[in-house]
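Novice: Attaching a single structure in structure tokens format; questions to follow.
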Amino acid sequence: MTPYLFIMGFILAIVIVTITGYRLLKLNQTQAAKIADLQSQLSALCAGAVGADNRIIKFEQMLNQLKEHQNTIDLGMSSQHSYDHAIRLARKGVGMDQLIDNCNLSDEEAHLINRLHGSQNQELH
């Protein structure tokens, strides 16, 4: 009976090792598939990040262009405001030196505004 138990124990051990080996093989295949899926997802994320970086760079360039354009517009509006203010002062009869100093005008600009809008020429308007 002892050889019979020995053979049965050996067969049982072989069955246990075979089942365990099969489970480990399936687990290994499942994990390999998950790893491959995660690698593809990571690749997609990296590609998306590169695309997002390029879009951010384009947005920053566009923002800088808009800032420069706004500054240009602001400078134009500032000078227009100075001219409007100078015209109001000239109509009130303010002197040439005050126009130049208060409105940051050149001598020629102040003379032109004074000639066109000065208090002595009010009858032309």
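Novice: Taking Cα pairs under 8 Å and at least six residues apart, what relative contact order does region 2-124 come out at, in percent?
Specialist: The normalised contact order for region 2-124 reaches 17 percent.
Novice: I've got another one for you. Note down the magnitude of the dipole of the chain about its Cα centre, charges +1 on Lys and Arg C-beta and -1 on Asp and Glu C-beta and zero elsewhere, to the nearest 20 debye.
Specialist: Approximately 1240 debye in magnitude.
Novice: With Cα Rg over 2.2 N^0.38 Å as the read-out, I listed [x] 3.18; [y] 1.01; [z] 1.17; which label goes with the value calculated from this structure?
Specialist: [x]
Novice: Shifting gears a bit: How tilted is helix 107-117 with respect to the longest principal axis of the chain? Cα atoms for both, answer in degrees (0 to 90, nearest 10).
Specialist: Taking Cα atoms only, the helix is inclined about 70 degrees.
Novice: To the nearest 500 deg cm²/dmol, what mean residue ellipticity at 222 nm is calculated for the chain from DSSP H runs of n ≥ 4 alone, each contributing -39,500 (n - 2.57), summed and divided by the residues?
Specialist: Calculated from helices alone, the mean residue ellipticity at 222 nm is -32500 deg cm²/dmol.
Novice: By how many degrees, between 0 and 90 and to the nearest 10, does the Cα long axis of helix 2-92 differ from the longest principal axis of the chain?
Specialist: Computed tilt is about 0 degrees.
Novice: When the chain is modelled as a GNM with alpha-carbon springs shorter than 10 Å, which of LEU27, LEU42, LEU99 fluctuates the most?
Specialist: Looking only at LEU27, LEU42, LEU99, the largest GNM fluctuation is found for LEU27.
Computed from the coordinates by the stated procedures, all read-outs in this text should not be read as laboratory data. Everything numeric in this text was worked out from a predicted model, so none of it was measured. Note: ideal-geometry Cβ built from the backbone for every residue, glycine included; neighbour counts use all protein chains shown.
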